[in-house]
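For reference, the structure is listed below as structure tokens.
Nothing in this text is a laboratory measurement; each read-out follows from the coordinates by a stated rule. Predicted, not measured: the structure shown is a model, and the values here were computed from it. Don't worry about glycine lacking a Cβ; one is built from the backbone with ideal geometry, like all the others, and counts go over all protein chains shown.
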Amino acid sequence: MTIARTFRDLIVYKQARAAAGKIFQISKTFPPEEKYSLTDQIRRSSRAAFVNKLDEALEETTETQAWLDYALDCCYISQEQFKSLDAEYQGIGGRLTRMMQTADDWCKLPPNAQNFIPSRESTPQTPKPTANTHLTSRTKAVTSPRQAPS
């Protein structure tokens, strides 16, 4: 098993991207009166199937399936096209669900992760405001002209 170095290496990303391309091609055949409803919505949801957080990506995947139902009901796609695309999106949804369920297993830092985490010493610290300071529009702590009684 190869390690995914970027999101483009993920199988589910590749599947979602390929399926979105198929949706785009099929949606070109939808009637013009569907341009601002079905066509735009199914294209948007199919493209967003992996652009968002995992839970949002899963929602977009199921939304695409709902739009496929509508396209089938209106006879804009064939039963064969529906079955093929619905199966693809069912698989994408399954992969996204497994990713969410096993996130703790695959969202781990590598053994040399200390090299990637900045230490507190290397991170500049902003002084915390006290009763005698206020924040300017540049969020820099400035001593207030009024001093508290000593």
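Evaluated at q = 0.14, 0.21, 0.32 Å⁻¹, a Debye calculation over the C-alpha positions of the stretch 61-103 (equal weights, vacuum) places log10 I(q)/I(0) at -0.35, -0.63, -1.05.
Of the trypsin sites (Lys or Arg not before Pro) in the stretch 1-81, the ones in a loop by DSSP (not H, G, I, E or B) with at most 14 other beta carbons within 10 Å are Arg5, Lys28, Lys53. If you model the stretch 7-106 as an ellipsoid using its alpha carbon gyration tensor, with each semi-axis the square root of five times an eigenvalue, the axes come out at 25, 12, 11 Å, biggest first. Could you compute the net charge surrounding Arg95? Neighbours are other residues with a C-beta less than 12 Å from the C-beta of Arg95; K and R count +1, D and E count -1. With Lys, Arg at +1 and Asp, Glu at -1, the neighbours total +1.
Simple point charges give the picture: +1 on the Cβ of Lys and Arg, -1 on the Cβ of Asp and Glu, and for the stretch 1-102 a dipole about the Cα centre of about 600 debye. The stretch 64-80 and the stretch 1-62 have Cα centres lying 15 Å from one another. Derived scalar couplings between HN and Hα for the stretch 36-47 equal 9, 10, 4, 4, 5, 5, 6, 5, 4, 5, 5, 6 Hz in order, rounded to whole Hz, by the Karplus curve 6.51 cos²θ - 1.76 cosθ + 1.60 (θ = phi - 60°), x for Gly and Pro.
Residues with beta-carbon under 15 Å from that of Arg43, excluding Arg43: net charge, scoring Lys, Arg +1 and Asp, Glu -1? Combined, the nearby Lys, Arg, Asp and Glu give +2.
Comparing Gln41, Tyr70, Gln101 along the charge dipole axis of the stretch 7-106, the residue lying farthest to the positive side is Gln41, per the Cβ-charge model.
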